[in-house]
1. Suppose we filter segment A:55-72 for residues that are away from chain B (no Cβ under 14 Å) and in a loop (DSSP other than H, G, I, E, B); how many remain?
2. Checking the condition closer than 18 Å to B:Pro413 by Cα and either in contact with a strand residue (DSSP E or B) (Cβ under 9 Å, 6 or more places away or on another chain) or in contact (Cβ under 8 Å) with a residue 40 or more places away in the chain (or both), which residue from B:Leu360, B:Leu342 passes?
3. So A:Gln424 passes all but one of these: (1) within 30 Å of A:Val137 (Cα to Cα); (2) not in a helix (DSSP H, G or I). Which condition number does it fail?
4. Might you let me know whether segment A:119-132 holds any residue that is hydroxyl-bearing (Ser, Thr, Tyr) and modelled with pLDDT under 95?
5. Test each condition in (1) surrounded by fewer than 24 Cβ atoms within 10 Å (Cβ to Cβ); (2) in a loop (DSSP other than H, G, I, E, B); (3) in contact (Cβ under 8 Å) with a residue 60 or more places away in the chain; (4) away from chain A (no Cβ under 14 Å) for B:Thr71 and report the one that comes out false.
6. Counting just the residues of segment B:149-186 that are within 14 Å of chain A (Cβ to nearest Cβ) and of a type in the set (D, E, K, R), which one comes out nearest to B:Ala285 (Cα to Cα)?
7. Evaluate the following for A:Ile310: is it of a type outside the set (Asp, Glu), buried (at least 20 other Cβ atoms within 10 Å of the Cβ) and assigned by TED's automatic domain parsing to the domain that holds A:Ser431?
8. Inside segment B:408-441, can you point out the residues that are more than 11 Å from chain A (Cβ to nearest Cβ) and polar (S, T, N, Q)?
Amino acid sequence: MRRGLARSCALLLAVALVGVTGAASAQPIVDHPSKLVFPELSFSPPSPEQFRVDLGDGLVVYIAEDPTLPTFEMSARWYGGSFGDPPGKEGLAGMAYTLMRQGGTERMAADDLDARLEFLAASIGTWAGDRASGASVWCLAKDTEEVLSLMADVLFRPAFAEDKIRLERDQQLQALRHRYDSADDLLNTRLPRFLYGDAPPGRLDTVSSVSSITRDDLVTYHREHGVPSNLVVCVSGSFEKQAMLDRIKALFAERSREPVAPVAHNTRTELPGATKPGVYLLNKAMPEVTVQVVHLGIDRHNPDFIPLQIMNRILNSPKSGISKRVRDDEGLAYGAWAFVGAPVGYAGSLGAGLSCKGNDAAYAISLALEQLRAVREKEVDDAELSLAKESWLNTFPAAFSTPFAVLERLASLEFDGLPMDYYQTLREQISKVTKADVLRVARDHVQPERFLVVISGDAALVQGGNPDHPASVSEFGEVRVIEPGDPGEGT
Amino acid sequence: MVRLARCGMLVLIALVWPVATAMGQDVRLDVKEHTLSNGMRMLVVERHHTPRIACRVFYRVGGANDPEGRTGLAHLFEHMMFRGTRTIGTRDFPSEEKVIRRIDDLMARIDAARRSAADADTARLAMLKAHYQRALDRERNLLVTNEMDEIYSQAGATGLNAYTEPDNTVYMVEIPSNKLELFLWMDSDRMANAVLREFYAERDVVQDERRLGHEGSPYGYFYEEFNAVFYTAHPYRRPIVGWEDDVSRVTRPQAQEFLRTHYTPDNATLILVGDLSAEDAFAQAERYFGRIPRAQEPQADLVTREPVQHGERRITVESTAYPLVGIAYHTPAFGDADCHALDVMSGVLNGKSGRLYRDLVLEKDIALDVSASSDGAKYAGEFSLFAIVKPGHTHEEVEAALEAQLDRISKDPPTDTEMQRVRNSIEAGFVRGLRSNGGLADQLGSYDSLGDWHLLLTELQQLRAVTSADVARVAGRYLTKENRTIGWLVQKRPEGPDAGGDDR
């Protein structure tokens, strides 16, 4: 304390003297931040071995004792999700996992479970994604035992109470009927079908499919899929490690003996049923439009993932990217961005999105397309490449912001079938990307002739254009105006 | 000598606060506190688990400080703070400054021409606009667009953003721990040398934001109008984004004056949480922020206080949103002992197992959702309830059920179980708030702005001490008919209003 005060005073005094004499200080303030010199940041990403414990029979745990806060946090994930819903029952996995938590358990009615968890200020959640499902827990450390036994009931003895099924179904139906309310929601609802056709990523929950889901369906789903034997658990908090491992093993002892195969890698970029290139104008009377210029791109295991992410960063650069061009230079869009989605197991979407006034849409789209074409025409400049790489490298430690976040990152590698030394080698992988690499992946993966231009908004405004900057949507391919039908059915 | 004396006045306090939680475990919160030579406060928490630092600058100025007729200025100004400085965002500031003055002059003449009685003089207006456009083009050629973004982005910063509250404006960014000096350079430069460039374009952006906000959120107009009826005199009655007409008239010189008055080091607190050394941070901050002079005059406190209300107020707003009933009562400002009991009361009413949800949603089945909140702000407080009316039921039914639940609090005070549920929830909320560096920095900043960051800890103890009888007492004291405002949001008819018809 005293030393601190003395040092601060000494430093102030030094500053004061400089002020008085005007002499060059040892540390004058530079006139531009580009002249600042920073100490080296030594950051070694955590390695999985520190945290990983294989409890056998498919149960893998990433565990970290964290005595800094009196809390307990856990997540679990396993394979299987909504892509497995049978045709006509779309929404089944989502509803089953939601109601495992919301529908009460054999030992406790749903409202009593809510009340007990609220009393403890704890939370238990269950969820279904497209190819994975899971559960999570957060509570104060003192309540860990009680909350974990409630969790076991939720996972293995859900009651699926009829009144809660009705409530959940009504809420879902209400949401489905309102999914064309904004231009944004309309586009997001309809886009997957354009891209994926009848393949699982293109299938939608509908009023018919959700209405057809019965309690028997949920009970059967839970029995057959519930919690399979192979799963990855993350757990951190204020506990003793070995005792917690024993507790986790006991918690999941009731899980199904049937393992589920991991998600298969899929580097295809075309799926059956995808739509022809051209302009698809979803007509909705709104002053603002939302647009995506898009085609299928890569899955997470594509070897070009890293150079493509760098390309995407360049397309989103504050110096020269799509947003700079469309929003800052031209003042046209509320937002504009490029994207390279890379989900595990199937090709994601690649392209650009923007929202703007209806009559500016054609011109804004032409600017976005110009940028998407430019990146495959010539090499990006050194400064752009360096900005993209530096910003990724420098932001990278942010992914490990809490002990629990560290575990989740590492568990994802294992779960998604990525190399376990991914974070150890990422720095080198990013550093070695060259301008030639960016040009190559842009040419291989950005294919302007394949773009769908999907626009949600007022067709008359969009087609009318703006005399201040002439452009027409017909420049981007055959224009098909689509009158959205029933939002509930996604037609 | 003067400087030595100032050095002697430095306050450097390091306190380790063990906060005993209910289960007897300690949460250690080691906040190091320091005041720079120019009066700027600093709070630092060292947490070394990740090489990142959450940075916040809290300025103790917000929407409530907007001068009369210039509502929205604090918020507009927050936007302007990302446009750069005399160094950042420009190729040649001396030339740009001349263009900026030219733009100010032209804009003043355009505004005057637009508003003059002889606004038929469209030729003159068109000529002024042409000059204005040329000046804008000249300015644009001198700019380095998004330079602040670019510098921070290259450095690996995330979450560069800001927000405006009634009493605070908060600037935030998270940086790698080796880039503390970059943050100090950038944010001290912004405090001392902000340039309000492209001001009038940003003014339009804010108007768009206002329109979009209201169109995108159907409740926007309701809350704005409700608030304007709830307060009659206090500046809290005004929307932070400003009244549309005020925002359309605000000028760059007025914003410049706002900067000079409020963006001074002695009106700000710098909060750093993460992988850093507090001593080093204090010394570095003295180099960068310490060179900025303190305000010439002390910050003026807000004068107008909300007068006592003498009877129930009602308002009806039409919208396409779900129908809603809102009830709000005036309560004391932050710091009053009754605030804690009011907070606990909102906890008793809230949640799926709270009294409101159980009664209105689960049992009576007349509302889709319902919530209560208690907000003791710097100058005044508010206890409010909002419920979404379930289709097929009426506003009268929902209002009566809400009132009945409020009456019940005095007659049927919270049980031990209800009280314990609320205490547990407050405790867990406190602990959750400490998890991330940014979350902790925000909490420290909010309490510091209300007078003292230690309140973060003492408030927790005071909330724990609230009894069921305290809750019943404050319910009787504040939840009175003459102290309330009731708002109904009713569904707008598609064909427009019929005279004298029931428009629900």
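The values are calculated or read from the model by the stated rules, or taken from the named source; none is laboratory data. As the structure is a prediction and not an experimental result, all values here were calculated from the model. Cβ sites come from the backbone with ideal geometry, for glycine too, and all protein chains shown count toward neighbours.
1. Matching residues across segment A:55-72 total 4.
2. B:Leu342
3. (2)
4. No, because not a single residue in segment A:119-132 is hydroxyl-bearing (Ser, Thr, Tyr) and modelled with pLDDT under 95.
5. Here B:Thr71 meets the rest and fails (1).
6. Within segment B:149-186, the match that is nearest to B:Ala285 (Cα to Cα) is B:Glu181.
7. Here the answer is yes, as A:Ile310 does meet what is asked.
8. Within segment B:408-441, B:Ser410, B:Thr415 meet the criteria.
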